[in-house]
1. When residues of region 41-60 are filtered for being surrounded by 12 or more Cβ atoms within 10 Å (Cβ to Cβ), free of Cβ contacts under 8 Å to residues at least 40 places away in the same chain and more than 27 Å from Leu95 (Cα to Cα), how many remain?
2. Of everything in region 217-234, what is charged (D, E, K, R) and part of a helix (DSSP H, G or I)? Give them in sequence order.
3. When you scan region 159-182, do you find a residue that is farther than 17 Å from Leu136 by Cα, part of a strand (DSSP E or B), at pLDDT below 95 and not β-branched (Val, Ile, Thr), even just one?
4. With the condition kept exactly as written, say whether any residue in region 134-143 is free of Cβ contacts under 8 Å to residues at least 60 places away in the same chain, over 17 Å from Lys231 (Cα atoms) and among the hydrophobic types (A, V, I, L, M, F, W, C).
5. Select from region 190-210 the residues that are in a strand (DSSP E or B), in contact with an Asp or Glu (Cβ under 9 Å, 6 or more places away or on another chain) and not aliphatic (A, V, I, L, M) and list them in ascending order.
6. Could you check, for region 101-122, whether at least one of its residues is farther than 26 Å from Gly217 by Cβ, touching a residue at least 40 places away in the same chain (Cβ under 8 Å), in the same structural domain as Asp221 (by TED's automatic domain parsing) and out of contact with any Lys or Arg (no Cβ under 8 Å at 6 or more places or on another chain)?
7. For Ile86, which of the numbered conditions (1) surrounded by 19 or more Cβ atoms within 10 Å (Cβ to Cβ); (2) over 18 Å from Glu185 (Cβ atoms); (3) assigned by TED's automatic domain parsing to the domain that holds Arg173 fails to hold?
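The values are calculated or read from the model by the stated rules, or taken from the named source; none is laboratory data. Since we're looking at a predicted model, the values are computed, not measured. Counting neighbours? That spans all protein chains shown, and the Cβs are built from the backbone with ideal geometry, glycine included.
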Amino acid sequence: MRLNKYIAHCGICNRRQAVDLIKGGLVKVNDEVVKNPAILIQEGDQVSYKNRVVVPLVPKVYVLMNKPKNVSITSSEGVRKSVLDIVQPKYEQALTPIGHMDHMDLGLLLLTNDEELIQKYNEPDAEFIRVFHLSLSREMTLEDMIQVKETKSINQQVINISNIDFLDKEEERIVGIELIQGSVEQLRALFAAKDYLIEKLDCMNFANLTKKDLPRGWFRDLQAKEVVLVKHFV
């Protein structure tokens, strides 16, 4: 990378202004003043501005994926493919999925290199909307549905379900659930405690992001207004 471009990527100024800084003797490479803006910076070189070491800012990337089944969150789960095998080749930045989904789970998954955002969303007490469509191993009774909604903790961890209902009144194995606080693992444990196995889980809404124009297996960058939304949701 040319030195003036390197300085610009450090967030100090734009490339044209960087040329003036370099020619003015304010930039050093490996502790030596360099006045040639076109010099190429190699891996391992140390660049400083006004005697302060500077490094390029890493652009934040936010990717929304409509996860297909039989794809794991990480490549260490022993299945054929991971979401990073699909998404990562398009990006220079190392991405991390937010939250957890089993390899057979479907639906919306957010990946990013924004460590602060990852930490916020992965906090046990994080509150944000997720809407799931669940296919259960047997028909759910209305009594059990009410008890699930009223449950406030599972395995000594807080869970907050704002709504649950049948998606089809004639198919009582299929329910929709709006989760405000808690994890997919807690959902599975909660239903298992009532003797229901979640056979299929599909995330339809994540922090008010939806599947609109995002077919199964596809992914896209978030728009600027969507980035603002997810940053301020938690």
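1. The initial filter retains those residues of region 41-60 that are surrounded by 12 or more Cβ atoms within 10 Å (Cβ to Cβ), namely 41, 45-49, 54, 56, 58, 60.
Those still in the list that are free of Cβ contacts under 8 Å to residues at least 40 places away in the same chain too: 45-46, 48.
Now drop any that are not more than 27 Å from Leu95 (Cα to Cα), which leaves 48.
So the count comes out to 1.
2. Step one: of region 217-234, the residues charged (D, E, K, R) are 220-221, 225-226, 231.
Passing the criteria: Lys225, Glu226, Lys231.
3. No, region 159-182 has no match at all.
4. Yes: region 134-143 contains one or more residues that are free of Cβ contacts under 8 Å to residues at least 60 places away in the same chain, over 17 Å from Lys231 (Cα atoms) and among the hydrophobic types (A, V, I, L, M, F, W, C).
5. Within region 190-210, Lys200, Asp202, Cys203, Asn205 qualify.
6. Step one: filter region 101-122 for residues farther than 26 Å from Gly217 by Cβ, giving 115-116, 119-120.
From what's left, touching a residue at least 40 places away in the same chain (Cβ under 8 Å): 120.
Narrowing the set further to residues that are in the same structural domain as Asp221 (by TED's automatic domain parsing) leaves 120.
Next, only the ones that are out of contact with any Lys or Arg (no Cβ under 8 Å at 6 or more places or on another chain) stay: 120.
Within region 101-122, one or more residues are farther than 26 Å from Gly217 by Cβ, touching a residue at least 40 places away in the same chain (Cβ under 8 Å), in the same structural domain as Asp221 (by TED's automatic domain parsing) and out of contact with any Lys or Arg (no Cβ under 8 Å at 6 or more places or on another chain).
7. Exception for Ile86: condition (1).
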